[in-house]
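These notes concern the structure reproduced below.
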Amino acid sequence: MNSKKYISTTIDEYIFEYKKINEAWFHGTPDSREVDKNGGFNNNTTSIDYVSDLYKFNKHQEKIKLARESGDDNTYHKLLDMVSGFKKSFTYNKPIFLSNKYSVAKTYADPQRAFDYQNSVERVYEVDVSCDKVIEIIASGDRFRFLSVDKVKRGFVKSGISESEFDKLISMFGYYINTDKGIKTDMIAAIGAYLKFDCIDVIGVLDSYHGGSIKSNVRMVLNPSNVKIKN
């Protein structure tokens, strides 16, 4: 079995084994009826706004700031109304979230999460998944919902994306988000899909539905058709 060692300067990440081939992956759902009916996962889409021309957008933001500081309310509100013209919408497949630990996937199979929780059928699936183009983010110590910007950046750069391109994409997709807390995983998924990656692996992250307490690996599959349920 092939494996890869990641060596970091921190004790926590000094040597972390990540088995890339034949690793078991699990997906927990509070209601399995639709998945069972369809015989697999559907390609459900979601959308996120982004700014395509950062230079013009930033210049416009400067004009808004000047109008506000000068007390020119008419110009200020007119400029605010124009902000939506700088935004575009990017539509992509909702990722399928997998864990290499059954106990983590099980926390996401809480029937109370289901819309029709009284009739829901919770289940944890073991799946096979194929990923040709993968981003690997070493995130030991981070909770899954917010990941360190620096750790995410290292993962993208290691996967062949230049630092300047990553910084540009963070500004494009996160123009309204303060990243001091880290990057939300839905933004990471959107950027990965924009760059046409198949999967994003988050290694050694703290994860569970109730906030994150178990160290595990999470795989975000950006093309649900690549996920096959094991019998």
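The values are calculated or read from the model by the stated rules, or taken from the named source; none is laboratory data. Here the structure is a predicted model, which is why all the values come from computation and not from measurement. When we count neighbours, we look across all protein chains shown, and the Cβ atoms used for this are built from the backbone with ideal geometry, even at glycine.
Of the residues that make up segment 65-78, is at least one in a strand (DSSP E or B) and either outside the structural domain of residue 168 (by TED's automatic domain parsing) or touching a residue at least 12 places away in the same chain (Cβ under 8 Å) (or both)?
No.
Could you say which residue among 104, 83 is of a type in the set (A, V, I, L, M, F, W, C), assigned to a helix (DSSP H, G or I) and surrounded by 16 or more Cβ atoms within 10 Å (Cβ to Cβ)?
After ruling out the rest, the residue left standing is 104.
How many residues, within segment 88-101, are surrounded by 14 or more Cβ atoms within 10 Å (Cβ to Cβ) and either over 14 Å from the mean Cα position of the chain (by Cα) or within 30 Å of residue 68 (Cβ to Cβ) (or both)?
3
Which count do you get for residues in segment 185-224 that are assigned to a strand (DSSP E or B) and basic (Lys, Arg)?
2
Might you let me know whether segment 188-195 holds any residue that is surrounded by 15 or more Cβ atoms within 10 Å (Cβ to Cβ), more than 16 Å from the chain's Cα centre (by Cα) and within 21 Å of residue 88 (Cβ to Cβ)?
No: segment 188-195 contains no residue that is surrounded by 15 or more Cβ atoms within 10 Å (Cβ to Cβ), more than 16 Å from the chain's Cα centre (by Cα) and within 21 Å of residue 88 (Cβ to Cβ).
Tell me which of these residue 172 doesn't satisfy, since it passes every other one: (1) out of contact with any helix residue (DSSP H, G or I) (no Cβ under 8 Å at 6 or more places or on another chain); (2) modelled with pLDDT under 95.
So residue 172 meets the others, but not (1).
Sort through 128, 150 and tell me the only one that's within 17 Å of residue 97 (Cα to Cα), loosely packed, with under 14 Cβ neighbours inside 10 Å and of a type outside the set (Gly, Ala, Ser).
Residue meeting the stated conditions: 128.
In segment 198-231, which residues are surrounded by 19 or more Cβ atoms within 10 Å (Cβ to Cβ) and out of contact with any Asp or Glu (no Cβ under 9 Å at 6 or more places or on another chain)?
207, 208
Can you run down the residue pairs with Cβ atoms below 7 Å, 6 or more apart or on separate chains, where the first is in segment 97-122 and closer than 13 Å to residue 210 by Cα and the partner is part of a loop (DSSP other than H, G, I, E, B) and among the polar types (S, T, N, Q)?
Every condition considered, the pairs that remain are 104/208; 107/208.
Can you tell me how many residues in segment 96-137 are under 14 Å from residue 185 (Cα atoms) and not aromatic (Phe, Trp, Tyr)?
Of the residues in segment 96-137, 5 are under 14 Å from residue 185 (Cα atoms) and not aromatic (Phe, Trp, Tyr).
Name every residue in segment 107-122 that is surrounded by fewer than 18 Cβ atoms within 10 Å (Cβ to Cβ) and closer than 19 Å to residue 230 by Cα, in order of residue number.
121
If residue 50 meets every condition in (1) closer than 30 Å to residue 231 by Cβ; (2) not assigned by TED's automatic domain parsing to the domain that holds residue 195 apart from one, which number is that one?
For residue 50, the failing item is (1).
Go through segment 1-51 and count every residue that is hydroxyl-bearing (Ser, Thr, Tyr) and modelled with pLDDT of 50 or more.
6
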